[in-house]
Number of protein chains: 2
Amino acid sequence: MLSFELSMPTKIIFGKGSIAKLGEMLLKNGNRVLLVYGSGSIKKIGLYNQIIKTFNEYNIIYKELSGIKPNPILSTVKKGIELCREHNINLILGAGGGSVIDSIKAISAGVNYKGDVWDFFIGKGNLVNPLPVASILTLSATGSEANGGCVISNEDTKEKLPFVHPLLKPCFSILDPDYTSHLPANQTAAGIADIMSHCIEQYFSNVEETYIQDRLTEAILKTCIHYGPILINNPTDYHARANIMWASTLALIGILGAGKEGDWSTHYIEHKVSAVSDLTHGTGLAILTPHWMNEVLSETTLDKFINFAVNVFNVSPGEDKMFVAKQGIQKLTDFFKSLHIPSTLSETGFYADNNLLNKMANDIQKYGPIGKFKKLDNEAIVRILKSAC
Amino acid sequence: MLSFELSMPTKIIFGKGSIAKLGEMLLKNGNRVLLVYGSGSIKKIGLYNQIIKTFNEYNIIYKELSGIKPNPILSTVKKGIELCREHNINLILGAGGGSVIDSIKAISAGVNYKGDVWDFFIGKGNLVNPLPVASILTLSATGSEANGGCVISNEDTKEKLPFVHPLLKPCFSILDPDYTSHLPANQTAAGIADIMSHCIEQYFSNVEETYIQDRLTEAILKTCIHYGPILINNPTDYHARANIMWASTLALIGILGAGKEGDWSTHYIEHKVSAVSDLTHGTGLAILTPHWMNEVLSETTLDKFINFAVNVFNVSPGEDKMFVAKQGIQKLTDFFKSLHIPSTLSETGFYADNNLLNKMANDIQKYGPIGKFKKLDNEAIVRILKSAC
């Protein structure tokens with residue numbers, strides 16, 4: 001196990017009706033609020049009205065920034081930064097899924113920074129005095145509700161890059177599983193794939209003696225496998241929504257990765273794919289992950305795959321170890337299929353010729369080589385993308 | 001799953017040599033420190049010198065309170081409160097195991113409270129402005145290093161009672177597994193039993209659809225079962241110490257219990273036993289837990305016991321469900337035996353006649369009935385104690 005530092009200060013307010021605590025949390029955290037949301041689904045489910053009612057009850061001064069896109073873009077972040085500066089905002093509240101919560105963190109980072117906020121994403125810039133952020137979650141997927149990470153797409157450079165800083169962790173997050181009950185099956189499924197991908201990225205690691213992290217990760221994966229099909233059949237099952245929502249938070253709150261070094265190749269590859277094609281992040285991860293697995297499976301990496309197959313998917317341990325490992329990958333592929341997630345990038349409308357694939361592989365490695373579990377060269381990345389097409 | 005609120009703000013600094021971060025943490029959290037420790041084992045392992053060296057390097061004004069007992073007592077807590085008031089302390093740093101860390105929280109609660117600090121433990125008193133506390137852990141067991149709980153023994157009333165408040169969570173905790181390498185096997189074993197008991201108390205719950213919490217709890221239990229025997233054979237195995245130390249923190253940081261209602265009967269019974277006999281807490285829990293299990297196992301509670309047997313101890317699920325459940329209990333008993341923990345209270349020198357047992361049962365229920373998973377009456381408590389003798 002490696003050394004690590006970890007704190008998880010986000011106040012989680014979890015459960016049916018937890019929006020009732022919003023006023024009390026605002027009293028403690030800010031009275032000049034920028035409310036950030038997406039396409040308006042928070043209006044359909046009645047959440048918008050509840051928020052505004054609370055703002056009025058608690059004499060909150062607020063401004064709104066709506067229209068956050070599923071792959072959130074830099075220009076909207078910049079608009080948010082301007083709004084915060086102009087209206088002397090002291091709390092940014094995001095109501096939505098990961099794209100909204102990622103956006104509020106990027107806005108928060110930029111408000112008191114003199115340079116271009118994109119600096120943070122390309123490894124420049126020193127984060128000082130970010131504004132407090134808070135969230136009301138409406139999609140279980142990214143885990144952004146309780147960590148310091150955000151991923152933003154730069155429309156000009158066609159880059160989609162992450163920035164992670166502990167000061168960007170939300171001060172509170174309201175997690176009501178009912179807010180996810182309205183989601184269509186494809187979004188629920190993509191969210192579950194995203195959660196599982198976070199687990200898998202952290203599970204496949206060369207750091208030794210991470211028994212506790214590995215068993216905890218298997219616990220979250222098994223939760224997704226247990227409740228995924230239940231939700232596809234019965235989208236309003238509260239307890240299934242609750243288990244999946246808590247899985248989304250715990251998968252990326254820091255516990256699974258503390259003391260380890262995750263791989264994250266599939267995320268880097270997917271970020272490029274969705275920067276080029278605007279594919280849903282979780283769908284891209286579900287398609288790419290089994291191909292990444294096939295690429296990195298070898299005699300050297302075999303043991304981890306056997307643990308995955310046996311402990312997560314109950315594959316019987318047999319003498320032919322490679323067969324056991326491949327069964328694990330097949331079970332994962334089958335599971336994503338059972339959630340009706342497309343199995344190939346072509347099905348999602350993505351098309352790339354060899355030139356584009358090579359350029360994508362180059363771009364992916366622009367800020368350094370990827371693959372902590374197994375280092376990938378450009379050829380390997382192209383092979384993964386081709387086999388996923 | 002139930003609704004819940006949870007935050008885990010304690011900054012965990014985990015790993016070999018993490019004491020190097022102490023100075024930086026003091027700069028952020030306090031410059032007038034009360035250093036609290038036990039019998040002096042921190043001097044034997046060189047930790048005391050490292051702390052004092054850091055204090056001197058960072059110009060920290062400090063006072064010391066040593067001699068904290070394994071079952072920490074109220075009079076020492078009161079001494080600590082006086083020291084804090086007298087020397088205008090602004091941070092209480094505990095270096096030791098759970099008894100030291102529990103003591104610093106009780107001191108912290110008392111400093112700015114006008115009444116008797118024992119009020120908090122008997123359900124009176126309103127906690128306002130507790131002093132910040134921080135810890136350097138030297139025994140993996142209680143989880144006190146990252147939660148807001150403490151248990152104190154009142155020598156006068158012979159009561160040992162808990163107090164839990166979120167404001168008592170340490171601001172930082174330094175967790176270096178090497179600090180636990182010097183421990184004798186019986187302390188290591190008692191610590192592991194304590195961790196497992198925290199898991200078991202939270203696992204056995206009537207709240208439905210807690211799949212994610214149950215799998216996470218099994219992960220921590222399996223970690224104890226995996227590394228316990230390794231540590232008994234090789235006490236200085238760093239990675240085994242690291243996994244057990246992190247298991248101790250995670251078992252009671254809040255994640256396993258969030259959304260559930262744990263049982264905690266065995267803890268209440270053990271607190272009475274160790275208030276009467278000064279037994280090591282973890283040893284008492286290891287002895288009592290299987291007897292509690294036998295008492296509450298019934299057709300109604302069977303399913304949870306089957307999960308425990310199958311998922312934690314790999315018992316084969318069979319047609320005779322009661323047999324499977326009992327095998328789980330037997331495996332737990334055998335596991336504690338394999339760590340050379342005494343199997344009966346008599347072996348530890350505890351003796352009680354019927355009168356004392358009845359009085360103990362009465363005392364245990366003084367502040368209300370115990371047993372959330374299965375309510376226990378006085379007769380049931382006496383049966384558990386008698387069978388454990």
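The values are calculated or read from the model by the stated rules, or taken from the named source; none is laboratory data. Every value quoted in this text rests on a predicted model; they were computed, and no experiment measured them. So basically every Cβ, Gly included, is an ideal-geometry build from the backbone, and we count neighbours across all protein chains shown.
Quick check on B:Ile244: is it in contact with a helix residue (DSSP H, G or I) (Cβ under 7 Å, 6 or more places away or on another chain), crowded, with 23+ Cβ neighbours inside 10 Å and of a type outside the set (Lys, Arg)?
yes
Name the single residue, out of those in region A:64-117 being buried (at least 23 other Cβ atoms within 10 Å of the Cβ) and among the polar types (S, T, N, Q), that is nearest to the chain's Cα centre (by Cα).
Per the criteria, the residue is A:Ser99.
Does B:Leu2 fit the bill of being within 14 Å of chain A (Cβ to nearest Cβ), out of contact with any strand residue (DSSP E or B) (no Cβ under 7 Å at 6 or more places or on another chain) and on the phi < 0 side of the Ramachandran plot?
Criteria met by B:Leu2.
Would you pick out the residues in region B:248-299 that are modelled with pLDDT of 95 or more, acidic (Asp, Glu) and surrounded by fewer than 23 Cβ atoms within 10 Å (Cβ to Cβ)?
B:Glu261, B:Glu295, B:Glu299
Give the residue, chosen from A:Asp194, A:Asp237, that is under 28 Å from B:Ser3 (Cβ atoms), surrounded by fewer than 22 Cβ atoms within 10 Å (Cβ to Cβ) and acidic (Asp, Glu).
A:Asp237
Scan region A:213-236 and give yes if some residue there is touching a Gly at 6+ places or on another chain (Cβ under 8 Å) and closer than 20 Å to A:Phe308 by Cα, otherwise no. Step through it out loud before you land on a result.
Residues of region A:213-236 touching a Gly at 6+ places or on another chain (Cβ under 8 Å): A:213.
Pick out the ones that are also closer than 20 Å to A:Phe308 by Cα and you get A:213.
Scanning region A:213-236 turns up at least one residue that is touching a Gly at 6+ places or on another chain (Cβ under 8 Å) and closer than 20 Å to A:Phe308 by Cα.
Looking at (1) within 26 Å of the chain's Cα centre (by Cα); (2) over 18 Å from B:Ser39 (Cβ atoms), which one does B:Phe55 not meet, given that it meets all the others?
(1)
Could you pull out every one of the helices (runs of 4 or more DSSP H) wholly within region A:206-300 that has 3 or more residues that are at the interface with chain B (Cβ under 8 Å from one of its Cβ atoms)?
Numbers: elements: A:211-233, A:238-251, A:265-277, A:281-296.
Counting at least 3 such residues, we get A:211-233, A:238-251.
Among the residues of region A:343-378, write down those that are in contact (Cβ under 8 Å) with a residue 60 or more places away in the chain and of a type in the set (S, T, N, Q).
A:Thr348
Would you check if there is a residue in region A:182-191 being modelled with pLDDT of 95 or more and within 14 Å of chain B (Cβ to nearest Cβ)?
no
List the pairs whose first member sits in region B:314-342 and is within 12 Å of B:Ala190 (Cα to Cα), whose second member is of a type in the set (D, E, K, R) and at pLDDT below 95, and whose Cβ atoms are under 6 Å apart, counting only residues at least 6 apart or on separate chains?
So the pair list comes out empty.
Residue check, B:Val33 against (1) buried (at least 23 other Cβ atoms within 10 Å of the Cβ); (2) at the interface with another protein chain (Cβ under 7 Å from one of its Cβ atoms); (3) closer than 21 Å to B:Ser108 by Cβ, all met but one. Which one?
Condition (2) is where B:Val33 drops out.
When region A:115-152 is examined, which residues are found to be within 14 Å of A:Lys78 (Cβ to Cβ) and in a loop (DSSP other than H, G, I, E, B)?
A:Gly115, A:Asp116, A:Val117
What about A:Lys44, is it over 15 Å from A:Ala134 (Cβ atoms) and assigned by TED's automatic domain parsing to the domain that holds A:Ala106?
In short, yes.
Are any residues in region B:341-367 farther than 13 Å from B:Val276 by Cα, crowded, with 16+ Cβ neighbours inside 10 Å and either more than 22 Å from the chain's Cα centre (by Cα) or of a type in the set (Phe, Trp, Tyr) (or both), and if so, which ones?
If the condition is that a residue be farther than 13 Å from B:Val276 by Cα, crowded, with 16+ Cβ neighbours inside 10 Å and either more than 22 Å from the chain's Cα centre (by Cα) or of a type in the set (Phe, Trp, Tyr) (or both), then B:Asn358 is the only one that fits.
Conditions tested, residue by residue: (1) of a type in the set (A, V, I, L, M, F, W, C); (2) out of contact with any Pro (no Cβ under 7 Å at 6 or more places or on another chain); (3) within 23 Å of A:Thr54 (Cβ to Cβ); (4) at pLDDT 95 or above.
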site: A:Leu139; (1), (2), (3), (4): yes, yes, yes, yes
site: A:Gly148; (1), (2), (3), (4): no, no, no, yes
site: A:Glu159; (1), (2), (3), (4): no, yes, no, no
site: A:Met196; (1), (2), (3), (4): yes, yes, no, yes
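Looking only at region B:265-314, filter to residues that are among the acidic types (Asp, Glu) and under 21 Å from the mean Cα position of the chain (by Cα); which one of those is nearest to A:Asn311 (Cα to Cα)?
The residue in question is B:Glu270.
For region A:5-30, name all the residues that are within 7 Å of chain B (Cβ to nearest Cβ) and of a type in the set (Asp, Glu).
A:Glu5
Go through A:Leu221, A:Leu252, A:Leu216 for me and flag whichever is under 18 Å from the mean Cα position of the chain (by Cα), within 26 Å of B:Pro9 (Cβ to Cβ) and aliphatic (A, V, I, L, M).
A:Leu252
Which pairs do you get when a residue that is assigned by TED's automatic domain parsing to the domain that holds B:Leu139 and within 13 Å of B:Gly143 (Cβ to Cβ), found in region B:98-114, comes within reach of a residue that is among the charged types (D, E, K, R) and part of a helix (DSSP H, G or I), reach meaning Cβ atoms under 7 angstrom, with the pair 6+ apart or on two chains?
Here the result reads B:Ile101/B:Glu145, each pair linking region B:98-114 to a residue that is among the charged types (D, E, K, R) and part of a helix (DSSP H, G or I).
Within region A:4-24, which residues are closer than 27 Å to A:Arg85 by Cα and surrounded by fewer than 23 Cβ atoms within 10 Å (Cβ to Cβ)? Before the answer, list the steps.
Looking only at region A:4-24, we keep the residues that are closer than 27 Å to A:Arg85 by Cα, and these are A:9-11, A:22-24.
Result: A:Pro9, A:Lys11, A:Gly23, A:Glu24.
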